[in-house]
Amino acid sequence: MKVVFLARKFEDGDKISEYVKSLAEALVERGHGAAIIAFDDGAYYSIDKRVEVIRTDLHYEGDSLYSWSMMLNNEMKEKARELLEDREFDIIHANDWSTVPGATAMKEYLDRPMVLTIHSTENERGFSDPNSSLISEMEWKGCKSADKVLVNSEDTLNSVKFDLEVPEEKVKIKDPILDAWPEPALKIYESLINVEEVKN
Amino acid sequence: MRPLFITWEYPPYKAGGIAAHCEDLATTMASQGHEPVVITYGEREEKEYRDGVEIHRVPANDHADNTISWAMSLADRMEKKGIHLARQKNFDLIHGHDWMAVPAATGLKKTLDLPMVFTVHSTQKGRDGIDSDYQRAIHNLEWYGTYEASEVITVGRDFCDEVKDNYNVSDKKINYIPNGVNLEKFDETNASLQRNNFALDWEQIVLFVGRMYPQKGPGHLIEAMPHILEEKPEAKFVMCGSGATEHYKGIAKDQVGDKVHFPGYVSDQALVGLMKEAEITVAPSVYEPFGIVPLEAAACETATVGSYTGGMKDTIVHEYTGLHTYPEDSGSISHQVSRALNDPGWSDWLGDNARERVEDNFRWEQISAWTTGVYTQALE
């Protein structure tokens, strides 16, 4: 089993980065494959050497986080396609809205299982960005495309269910702070792989 | 070949010249045996076949903060449509038009692993500068498009140098292919114009067609109007186009009263009628990468008085198919328009030459062939 993770940034101490790192390291520990695609901001990170970290450069500054992220995703698509198509990665795992365009493009083009973790929703963050409506729409699109949506808390679960209209059976709370972590997430990967095998 | 066109405007949605360009190019390619597919903006998701071209429309999110975010959001929908289509049919390449197509065209290029051709129709720097963050972000997108493209097409000879300098594009991948004119469209249009709605019988129509923005120079023509009328009281100025119409109308009415008419929305048919009826068209642009008006007027056998700038250096041959003026110089406009109006036989001769030159040099059949030649280079 090989999982490619998309994260806007990847640096020590960042909450989403630590979440991705814990899953990626758990996968390689168990003999699976893991790769992380993130923006190359020059940040320092430490991770098990068996995890492949692919940094994407972006020669676009943009005038907003939204437009910058959209263009970053174009770079991520190229790297993700190489992993999924040429190197037979099985699953794409996106994190928050800022990696949804890349993940959904891969899901649509290569028909691979997609997991999306919503670490928080735009509604929870206060809907205060000039492009909040577009960001929230991206969350909605990501949840719609994903085979499974993961959240870390009850609050986000409620927001995902009510603000983003995600059906209850599609979303799961898997809190990385609990002792059992990351087994519940790995089981979700396995179940998606099994579904793929049945389909094939 | 099966190119996938990405353009934010395609008829009947038209804001500038990109829509007509894409339609004429795609239609001509289809008539030559190619299979162009177009993804563009629409109010709702729909698909249509027109003149051999498969057209897919996707809506945009209207809650965007500005045009860049709007284009990014539209791009995401365009890209998903493109991916969906690519699973059913193989595209040879992606052909994006102007900066608003860059996010979707580059996204599709990277997802589908296809070459990309990028046509630059105008630049942010030329349109209204790169002073604000917003303007710089558009400039940056234009650069990104030229950087990611295997081949870049520009529509004007001078403009080719401008694009090379602005974005450091190498000589190897930049191509100059002019715009064209669909002569049949002009010939077949039944131009039964209600002339009395625009001018009196004895008046000579001096026609301006274009968006009413400083870039198109309507202010310079308005400044020249009183001087032209002193020389030629028969002149009647007809100003067609959208934009800051009320602003320019107020200034022009103050200057020359009833001798200028702003008809507001004019149908394509009436516009062709006006071009055929006009004594002369005036294109006083300050910045004009190509400038289609002189060619459209030429299709109607009408000569153009146009600024010696950008593409009009090529599309007007001074004293053969029209007259050049110094850019941003109302005295020069006044002088050349008066010359043309004072000698109707000569301006007719200029108009005839203009038509002949368009027939020989600006036909879409030829432009389509050049474009597919560029596609071949991109695929190598």
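Observations
- Computed from Cα atoms alone, the Kirkwood hydrodynamic radius reported for the stretch B:44-157 is 15.0 Å.
- Distance from the C-alpha centroid of the stretch B:11-32 to that of the stretch B:108-175: 20 Å, rounded to the whole angstrom.
- Where only C-alpha atoms are counted, convex hull volume of the stretch B:184-291 per residue in Å³: 100
- Cβ-based charge dipole, the stretch A:2-195, positive-most Cα from A:Ser67, A:Pro130, A:Leu178: A:Leu178
- Remark: chain B carries a charge dipole of roughly 940 debye about the Cα centre, counting +1 on each Lys and Arg Cβ and -1 on each Asp and Glu Cβ.
- Ordering B:34-42, B:59-67 by mean Cβ neighbour count within 10 Å, with the highest value first, yields B:34-42, B:59-67.
- The calculated 222 nm mean residue ellipticity attributable to helices in the protein assembly as shown amounts to -14000 deg cm²/dmol, summing -39500 (n - 2.57) over DSSP H runs of n ≥ 4 and dividing by all residues.
- GluC sites (Glu not before Pro) within the stretch A:125-200: DSSP coil, no more than 10 neighbouring Cβ in 10 Å: A:Glu165
- Diffusion constant of the protein assembly as shown at 20 °C, which comes from Stokes-Einstein with the Kirkwood Cα-pair radius and 1.002 mPa s, µm²/s: 82
- Solvent-accessible area per residue in chain B equals 39 Å², computed with a 1.4 angstrom probe and all protein chains kept.
- Taking only protein heavy atoms and a 1.4 Å probe, the accessible area of the protein assembly as shown is 46% carbon and sulfur.
- Order of exposure, largest accessible area first, which applies to B:Thr376, B:Thr154 with probe 1.4 Å: B:Thr376, B:Thr154
- Cβ-based charge dipole, the protein assembly as shown, positive-most Cα from B:Pro214, B:Ala303, A:Ile188: A:Ile188
- Under Karplus coefficients 6.51, -1.76 and 1.60, residue-wise ³J(HN,Hα) of the stretch B:217-228 in Hz, glycine/proline x: x, x, x, 5, 5, 4, 4, 7, 3, x, 5, 5
- Accessible area per residue was computed with a 1.4 Å probe on protein heavy atoms; A:Ser153 scores about 40 Å².
- Scalar couplings 3J(HN,Hα) for the stretch B:361-378, obtained by applying the Karplus form with A = 6.51, B = -1.76, C = 1.60 to θ = phi - 60°, are 10, 10, 8, 5, 4, 6, 5, 4, 5, 5, 5, 5, x, 5, 4, 4, 4, 5 Hz; x denotes Gly and Pro.
- Shape call, the stretch A:2-195: gyration tensor on alpha carbons, a/c limit 1.5: rounded
- Alpha carbon centroid spacing (whole Å) that separates the stretch A:11-62 from the stretch B:222-300: 60
- Label reach from B:Glu230 (point 7 Å along Cα→C-beta): in the stretch B:256-300, amide nitrogens under 19 Å belong to B:256-260.
- Considering only B:Gln204, B:Thr321, B:Ala64, and ranking their Cα positions along the charge dipole of chain B that arises from unit charges at the beta-carbon of Lys, Arg, Asp and Glu, the one farthest toward the positive end is B:Ala64.
- Amide H contacts under 5 Å for A:Ile54: A:Ile36, A:Ile37, A:Ala38, restricted to partners 5 or more places along the chain or on a different chain, H placed in the peptide plane at 1.01 Å from N.
- Amide hydrogen proximity for B:Phe5: with H placed 1.01 Å from N in the peptide plane, the residues at 5 or more positions away or on another chain lying under 5 Å are B:Val37, B:Val38, B:Ile39, B:His95.
- Pairwise burial B:A, computed as accessible area of each alone minus the pair, summed, 1.4 Å, Å²: 2600
- Contact order relative to length of chain B, as percent, for alpha carbon pairs under 8 angstrom and 6 or more apart: 14
- Only Lys, Arg, Asp and Glu carry charge here, each on its Cβ (+1 for the first two, -1 for the last two); on that basis the protein assembly as shown has a dipole of about 740 debye about its Cα centre.
- Nearest-10 value in Å² for the accessible area of B:Asp171, using the 1.4 Å probe: 110
- Cut-off under 5 Å, modelled amide H: who pairs with B:Phe290 long-range: B:Gly311
- Accessible area of A:Phe10 in the full protein assembly, 1.4 Å probe (Å², nearest 10): 0
- Heavy-atom accessible area, probed at 1.4 angstrom with all protein chains present, ranks A:Ile54, B:Ile228 as A:Ile54, B:Ile228, highest first.
- In sequence order, the stretch B:337-343 has phi-based couplings of 5, 4, 4, 5, 5, 6, 9 Hz under the Karplus curve 6.51 cos²θ - 1.76 cosθ + 1.60, θ = phi - 60°, and Gly or Pro positions carry x.
- Charge dipole of the stretch A:2-195 (Cα centre as origin; +1 on each Lys and Arg Cβ, -1 on each Asp and Glu Cβ, all else neutral): 440 debye, rounded to the nearest 20.
- For the stretch A:37-116: rounded, prolate or oblate by the Cα gyration tensor [a/c cutoff 1.5]: oblate
- Annotation for the stretch B:226-326: chymotrypsin sites (Phe, Trp or Tyr not before Pro) lying in DSSP loop with at most 15 further Cβ atoms inside 10 Å of their Cβ are B:Tyr265, B:Tyr308, B:Tyr320.
- Positions from the stretch A:67-105 whose accessible area shrinks by 30 Å² or more when the full protein complex is built, not the chain alone, probe 1.4 Å: A:Met70, A:Met71, A:Asn74, A:Glu75, A:Lys77, A:Glu78, A:Arg81, A:Ala105
- DSSP-defined antiparallel bridges as percent of all bridges, the protein assembly as shown, nearest 5: 5
The values are calculated or read from the model by the stated rules, or taken from the named source; none is laboratory data. Everything numeric here is computed off the predicted structure, so don't read it as measured data. Here the Cβ is made from the backbone with ideal geometry for all residues, glycine too, and neighbour counts use every protein chain on show. Surface areas here come from the heavy atoms of the whole protein model, side chains and all, with no ligands, DNA or RNA. Shrake-Rupley method; radii C 1.70, N 1.55, O 1.52, S 1.80 Å.
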